[in-house]
């Protein structure tokens, strides 16, 4: 059984829970009630080498690594892509970020990367619909981030109107200025019959000209039985997984203009040193791209 001390440790509080506000206390109680099965967000944190996970998550992660030894490298490559995409956005003058399906704040958070390259200028809203992931995000940001500029909200990607209202209600994001919308390693947790493309069309419409859309998505072009087994096993977690083809992933960008090099495997996007990836890029299992909404801010 997971005890209070272990929960505080995983939440990043280390005995500080009592000193934080009632909202944080509510998130902590929610976390205590949801530790009976693996969390997809905590498994991701575990495989990336983070500390915000429980034994049940580590056991699940270990089983998947046995089936697919490249899984850790693939997830690290995806996280590295996220960092390069954020740096690209900052270099293009974007200072606002909305990260849908953000999961746990872990190594290389969006706000950390953005603040490193534009100190004190960037604003980030993290969004997740999984109660456990949101509870973790709320707790960790309360203790480590400037909550005047960086916030976490709980909302469902598919309930697009409510999600966007929740983002704007934080008063962190200016809807008239360019926004970098990140949907990284999230869409493959939405079943095809739920039509995630409809929600994405809504989000593209909300973004002002000059905004960026960042997407990565699980894809298997190697016909690998290992990744197929891992995908089946994710049904045991808080979020089942669904792979898509290259054309299906490309459709999420709509009429936005893909920036070079287009839709590619994560190690192929931006500059990746040989120490970060070796071997066929397709073994990274994640397709990734960044696209720009045509026009300029204010047009």
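Just to verify a number: FRET efficiency for residue 221 and residue 148, C-beta to C-beta distance, R0 = 51 Å, to 0.05? Each step should come with its number before you reach the end.
Details: r = 44 Å, r/R0 = 0.86.
Working from the Cβ atoms, E equals 0.70.
Based on the Cβ-Cβ distance from residue 36 to residue 118, what FRET efficiency comes out when R0 is 30 Å, to the nearest 0.05?
Details: r = 41 Å, r/R0 = 1.37.
Calculated value: 0.15.
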- Task: Give the order of 116, 84 when sorted by the count of other beta carbons within 10 angstrom, beginning with the fewest.
- Result: 116, 84
- Quick note, the stretch 71-292: a/c under 1.5 would make it rounded; otherwise a/b > b/c is prolate and the rest oblate (a ≥ b ≥ c, C-alpha gyration tensor); here it is rounded
- Log10 I(q)/I(0) at q = 0.14, 0.20, 0.27, 0.29 Å⁻¹ for the stretch 138-197, from Debye over equal alpha-carbon scatterers, is -0.51, -0.96, -1.26, -1.29
- Task: Quickly work out the residue 228-to-residue 58 label distance, labels modelled 7 Å from Cα along the C-beta direction, and quote it in nm with one decimal.
- Result: 3.3
- Which of 257, 268, 193 has the fewest Cβ neighbours within 10 Å, and the rest in rising order: 193, 257, 268
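Hey, what did the stretch 71-292 get for relative contact order, percent, Cα under 8 Å, at least 6 apart? Kindly include the intermediate steps, with their values, before the conclusion.
Details: 390 pairs, mean separation 48.8, N = 222.
Normalised by residue count, the contact order of the stretch 71-292 is 22 percent.
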- Query: Once label points are set 7 Å from the Cα along Cα→Cβ at both residue 87 and residue 255, what is their separation, rounded to one decimal in nm?
  - Reply: 3.4
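Taken together, the values in this text are just the output of simple stated rules run on the coordinates, not laboratory data. For clarity, every value in this text was computed on a predicted model and none was experimentally measured. For neighbour counting, all protein chains shown are included, and Cβ atoms are generated from backbone atoms with ideal geometry for every residue, glycine included.
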